[in-house]
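Asker: The structure under discussion is supplied below as structure tokens; questions concerning it will follow.
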Amino acid sequence: AHPYVAEVEAAVEALGADRARVVGPVMGRRRERVWREADLLLLPSLVEPYGMVVTEALARGIPALVASGTGAVEALAAGTDAGGSLPGLALPADEPDAWTDALARWLDDADLRAAWRAAASDARSRLRGWPHAATQLRDLLRW
């Protein structure tokens, strides 16, 4: 295994199975079950061209915390309602304390959870579907 993977697995083991778990790649029914059980998506990637997983989360009404300065912010902003409420938050990937604080707020503030969930649920109607994205790509390539 890659040294980083081993480091993450050791950290999870130190926390205990009741606090965190490494799921790994999931597909099919198992993937749908993971989505059904999810309350919040965390995407602290240093590099993210777009953040399709954010779009997938929003399509399911799940808010997200994403790394600022990545394409995941664009995906999260696609879920912004008319009032400008994001269905989550963009945070610096290299500031663990910011992520800790945001997670603490999520866990402690029922109003925040409700607002982010509502914004994520509302985002579904604003997301581009595959046919729309394919048409845009086709039109771009014809340019």
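Asker: Go through PRO87, PRO25, PRO49 for me and flag whichever is under 12 Å from the mean Cα position of the chain (by Cα) and of a type outside the set (D, E, K, R).
Answerer: Being under 12 Å from the mean Cα position of the chain (by Cα) and of a type outside the set (D, E, K, R) holds for just one of PRO87, PRO25, PRO49, which is PRO87.
Asker: Moving on. What is the residue count in region 94-123 for residues that are crowded, with 20+ Cβ neighbours inside 10 Å and of a type in the set (Gly, Ala, Ser)?
Answerer: 3
Asker: Just give me the residues in region 45-62 being touching a Phe, Trp or Tyr at 6+ places or on another chain (Cβ under 9 Å) and either buried (at least 18 other Cβ atoms within 10 Å of the Cβ) or free of Cβ contacts under 8 Å to residues at least 24 places away in the same chain (or both), in sequence order.
Answerer: Those that are touching a Phe, Trp or Tyr at 6+ places or on another chain (Cβ under 9 Å) and either buried (at least 18 other Cβ atoms within 10 Å of the Cβ) or free of Cβ contacts under 8 Å to residues at least 24 places away in the same chain (or both): GLU56, ALA57, ILE62.
Asker: Something else: Check whether at least one residue in region 71-83 is without any contact (Cβ under 8 Å) to a residue 12 or more places away in the chain, surrounded by 15 or more Cβ atoms within 10 Å (Cβ to Cβ), closer than 27 Å to ASP109 by Cα and assigned by TED's automatic domain parsing to the domain that holds ASP111, and report yes or no.
Answerer: Yes, some residue in region 71-83 is without any contact (Cβ under 8 Å) to a residue 12 or more places away in the chain, surrounded by 15 or more Cβ atoms within 10 Å (Cβ to Cβ), closer than 27 Å to ASP109 by Cα and assigned by TED's automatic domain parsing to the domain that holds ASP111.
Asker: Only one of VAL66, VAL54, VAL8 is under 17 Å from TRP99 (Cβ atoms), outside the structural domain of TRP116 (by TED's automatic domain parsing) and not in a loop (DSSP other than H, G, I, E, B). Can you tell me which?
Answerer: Sole residue among the options that is under 17 Å from TRP99 (Cβ atoms), outside the structural domain of TRP116 (by TED's automatic domain parsing) and not in a loop (DSSP other than H, G, I, E, B): VAL8.
Asker: Here is a list of conditions, (1) in contact with a Leu (Cβ under 6 Å, 6 or more places away or on another chain); (2) modelled with pLDDT under 90; (3) more than 19 Å from ALA115 (Cα to Cα), and GLY79 meets all of them except one; can you say which number that is?
Answerer: Condition not satisfied by GLY79: (3).
The values are calculated or read from the model by the stated rules, or taken from the named source; none is laboratory data. Because the structure is a prediction, the values reported are computed rather than measured. We place every Cβ from the backbone using ideal geometry, glycine too, and count neighbours over all the protein chains shown.
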